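Before any comments, here is the structure.
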Ligand SMILES: Nc1ncnc2c1ncn2[C@@H]1O[C@H](COP(=O)(O)OP(=O)(O)OP(=O)(O)O)[C@@H](O)[C@H]1O
Ligand SMILES: [Mg+2]
């Protein structure tokens, strides 16, 4: 049997630059001969993508939102992430449970204990091995997004919402320094790519 794969996650507020860099990381790792699965949350499965549409578009309570992102995550972990890791493949995932602490707890005020309880139920034995936190100020991210596309339910939130989300992300990076790499996301894309490349080389 092959060794378990690695689980790499991308985190940061909307517009921080995660999706822009994900193919770069996947390509860098494939060049090392690693079998990479690129996926995202909410989403990554048919059920997960359907739930994503609901969560991004449909007004709902913070509790409902939290349960739906974890419903999507349960399916994703069981159907995609866990089987891939067991097979020795590596996962590169755009957002995971850190995002639920940041958005639903930090942003929306859902008790952290509720998120922690769902985390323990949905993926008791699974944590990312490496998490890239794309750190940018809400003003910078908002400016990027207003130029890019129509806002979803999260992107339409105000600066103070994103300030709370960012603060929780940074707090988690301090709490879990072994797996978090905080990137300066305000730099131009090529400079962010260089930070990622160096971090991957250090981590190998
Ligand atoms: N380092 C950067 N400097 C300037 N603009 C950037 C940078 N990285 C990405 N952008 C631009 O900012 C916008 C948002 O980037 P991207 O979609 O990668 O963010 P994201 O973190 O995936 O956001 P979301 O969480 O909403 O999916 C895009 O238009 C992208 O081209
Ligand atoms: Mg994105």
Which residue, of 157, 119, is over 27 Å from residue 193 (Cα atoms), within 16 Å of ligand 2 (Cβ to nearest atom) and in contact with a helix residue (DSSP H, G or I) (Cβ under 9 Å, 6 or more places away or on another chain)?
157
Just the residues that are in a helix (DSSP H, G or I) and more than 16 Å from residue 97 (Cβ to Cβ), please, taken from region 1-26.
19, 20, 21, 22, 23, 24, 25, 26
The condition of being within 30 Å of residue 31 (Cα to Cα) and either within 16 Å of ligand 2 (Cβ to nearest atom) or loosely packed, with under 15 Cβ neighbours inside 10 Å (or both) holds, among 152, 184, only for 184
Subset of region 25-47 (residues that are touching a helix residue (DSSP H, G or I) at 6+ places or on another chain (Cβ under 9 Å), within 16 Å of ligand 2 (Cβ to nearest atom) and closer than 15 Å to residue 89 by Cα)
25, 38, 39
For residue 167, only one of the following conditions fails: (1) under 22 Å from residue 192 (Cβ atoms); (2) surrounded by 14 or more Cβ atoms within 10 Å (Cβ to Cβ); (3) touching a residue at least 60 places away in the same chain (Cβ under 8 Å). What is its number?
(2)
Per the list (1) closer than 15 Å to residue 10 by Cα; (2) without any contact (Cβ under 8 Å) to a residue 12 or more places away in the chain, residue check on residue 202 breaks on (1)
Under 6 Å between Cβ atoms, at least 6 apart or on separate chains: pull out the pairs that start in region 11-26 with a residue that is at positive phi and end on any residue that is more than 7 Å from ligand 1 (Cβ to nearest atom).
12/133; 15/141
Sort out which residues of region 35-54 are part of a loop (DSSP other than H, G, I, E, B) and buried (at least 16 other Cβ atoms within 10 Å of the Cβ), and write them in order of number.
41, 42, 43, 44, 45
List every residue pair whose Cβ atoms lie under 7 Å apart, where the two residues are 6 or more positions apart in sequence or sit on different chains, the first residue falls within region 74-96 and is within 29 Å of residue 166 (Cα to Cα) and touching a residue at least 60 places away in the same chain (Cβ under 8 Å), and the second residue, located anywhere, is within 16 Å of ligand 2 (Cβ to nearest atom) and part of a helix (DSSP H, G or I).
92/22; 92/25; 92/26; 94/18; 94/19; 94/22
Give me a count of the residues in region 55-110 that are touching a strand residue (DSSP E or B) at 6+ places or on another chain (Cβ under 7 Å) and not in a helix (DSSP H, G or I).
8
Filter region 124-142 for residues that are over 15 Å from the mean Cα position of the chain (by Cα) and touching a residue at least 12 places away in the same chain (Cβ under 8 Å) and give the result.
137, 138, 139, 140, 141, 142
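Rule-based calculations on the coordinates, nothing more; no lab input. Keep in mind that what you see is a predicted model, and the values were worked out from it rather than measured. Using ideal geometry, Cβ is built from the backbone for each residue, glycine included, and neighbour counts are taken over all protein chains shown.
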